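**Student:** What follows is a structure written as structure tokens; I'll ask about it next.
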Amino acid sequence: MATLPANSVVIFTHVLGKMMVDESGFQRSPTGPLFVGQHHSSFASLEDEPWLREALPKHFADCDAFVALSDEDAAFFGSLLDVPCVAIPNPAPEGRTLSTQSTKRAVALARFSHEKQIPLMVRLFAAAITVPEADGWSLAIYGDGVERPQVAEAVERSGMSTRIELAGVVDDSATALSDASLNLLTSSLEGFPMTILEAACSAVPSIAFDCSAGVRSQLENEAGYLVHSQNEDAYVAALRGAMLDDIERRRRGENARARAERYAPSRIVDDWLALTEGSRRPHRATTVVSAPQLRS
């Protein structure tokens, strides 16, 4: 760290990285690199990790700025941290082909972990397709993880195993979304879910619980279907309504695609430049520091 040139930017992608620097006895120089802290999840996630609420203000106190994933979260972190807090979201993927929206096919791309609530997704989808008008709709769930046995059991119990498929891991989300008509999330906690943004770039609308500022910022103004947090009946109703109304579903997909333009990589780069250009040392090189990097 001491060997970094003065025109560098050091980005701590997690407070653990900064904790390791602090514990090493490193002392910042007034002419040293710019320090930027990050937290790649929502402010609400601190409720599940109380140690973070204490660690962030302690170890990011000497940072020059802190970056959150949404304006709403930046405001919340600003109430906790005595440093400038700004919002810079993740960039959208480029070169995506629009979905044909020609199939009655919903997809989900998620890690099979507790907060993603994939067994709940299976149950809600099975409930939504019980009406005759939803005949022909299917769900392909891409992913894997520690809760795979529970997910497989949920599919079996649903009685819809011919219409709900565990499609395995996919390296390219664009492939999964190429002919999809809906993208499903049932998470209880999210930061800034890239699956919503990836789907939006293909004009595929997402349905998700209102579980974080990062979800709201992508789905508000009918750029998808935002369901009151953990209201299962409302989720089923939104999902069924999306299945049965092709015109409305496509309209929201187009809204999502238009909204995704604000996350174009060029705009995100401009946001980062705006953050650093006002500092005392222009034309900085950037170093991203994470805990694994520091241990090596």
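**Student:** Is it the case that D48 is over 23 Å from L275 (Cα atoms) and either touching a Lys or Arg at 6+ places or on another chain (Cβ under 7 Å) or surrounded by fewer than 16 Cβ atoms within 10 Å (Cβ to Cβ) (or both)?
**Tutor:** Answer is yes for this residue.
**Student:** Do you know which of the residues in segment 103-137 that are surrounded by fewer than 17 Cβ atoms within 10 Å (Cβ to Cβ) and of a type in the set (G, A, S) is farthest from L244 (Cα to Cα)?
**Tutor:** Looking at the filtered set, the residue picked out is S113.
**Student:** Can you go through A140, A154 and tell me which one is modelled with pLDDT of 95 or more, within 20 Å of K116 (Cα to Cα), open to solvent by less than 10 Å² (accessible area, probe 1.4 Å) and aliphatic (A, V, I, L, M)?
**Tutor:** It is A140.
**Student:** Would you check which residues across segment 17-37 are surrounded by fewer than 21 Cβ atoms within 10 Å (Cβ to Cβ) and of a type outside the set (A, V, I, L, M) and list them?
**Tutor:** Scanning segment 17-37 gives D22, E23, S24, G25, F26, Q27, R28, S29, P30, T31, G32.
**Student:** If you don't mind, there's one more thing I want to ask. With the requirement that a residue be at pLDDT below 50 and open to solvent by less than 70 Å² (accessible area, probe 1.4 Å), what does segment 268-284 give you? Show your work before the answer.
**Tutor:** Looking only at segment 268-284, we keep the residues that are at pLDDT below 50, and these are 280-284.
Residues satisfying the conditions are R281, R284.
**Student:** Does segment 80-102 include one or more residues that are part of a helix (DSSP H, G or I) and farther than 30 Å from R240 by Cβ?
**Tutor:** Within segment 80-102 (the criterion being part of a helix (DSSP H, G or I) and farther than 30 Å from R240 by Cβ), the answer is yes, since at least one residue qualifies.
**Student:** Please give the number of the condition V86 fails out of (1) open to solvent by 20 Å² or more (accessible area, probe 1.4 Å); (2) within 29 Å of Y142 (Cβ to Cβ); (3) of a type in the set (V, I, T).
**Tutor:** Result: V86 fails condition (2) only.
The values are calculated or read from the model by the stated rules, or taken from the named source; none is laboratory data. Keep in mind the model is a prediction, meaning the values are calculated, not measured. As a convention, Cβ positions derive from the backbone with ideal geometry for all residues, glycine included, and neighbour counts pool all protein chains shown. For the accessible areas, the whole protein counts, side chains as well, though only heavy atoms, and no ligand, DNA or RNA atoms are used. Shrake-Rupley method; radii C 1.70, N 1.55, O 1.52, S 1.80 Å.
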